[in-house]
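Following: one structure in structure tokens, then a few remarks.
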Amino acid sequence: MAFETDDLEPLKKKSQPRNLDPMSVEELREYITVLKAEIARVEEKIKAKLSHASAAASFFKK
């Protein structure tokens, strides 16, 4: 019996864009603040992962 991947759910589901139409200007500004904070958090995580990868590569080159 062949293994079929059509029945499997994707490992990561893409998030749906938030509906901005019902939001007021103030709510949209608050949403931007939240998104900017999330972007900063992700950028810090990327820096940390790159630093760890660099340190590991440096260690194994010796």
Next on the checklist: Being more than 30 Å from Arg18 (Cβ to Cβ) and among the hydrophobic types (A, V, I, L, M, F, W, C) is the filter here; which residues of the range 34-62 pass it?
Outcome noted: Ala53, Ala55, Ala56, Ala57, Phe59, Phe60
Checklist entry - Looking at Glu44, is it exposed (fewer than 10 other Cβ atoms within 10 Å of the Cβ), assigned to a helix (DSSP H, G or I), at pLDDT 95 or above and not β-branched (Val, Ile, Thr)? => result no
Checklist entry - Just checking, which of Lys36, Lys14, Lys61, Lys49 is modelled with pLDDT of 95 or more and either open to solvent by 100 Å² or more (accessible area, probe 1.4 Å) or touching a Lys or Arg at 6+ places or on another chain (Cβ under 6 Å) (or both)? => result Lys36
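The values are calculated or read from the model by the stated rules, or taken from the named source; none is laboratory data. Being a predicted model, the structure only gives us computed values, none of them experimental. Methodologically, a virtual Cβ is constructed for each residue, glycine included, from the backbone with ideal geometry; neighbour enumeration extends over all protein chains shown. The accessibility values were calculated without ligands, DNA or RNA, using every heavy atom of the protein model including side chains. Shrake-Rupley method; radii C 1.70, N 1.55, O 1.52, S 1.80 Å.
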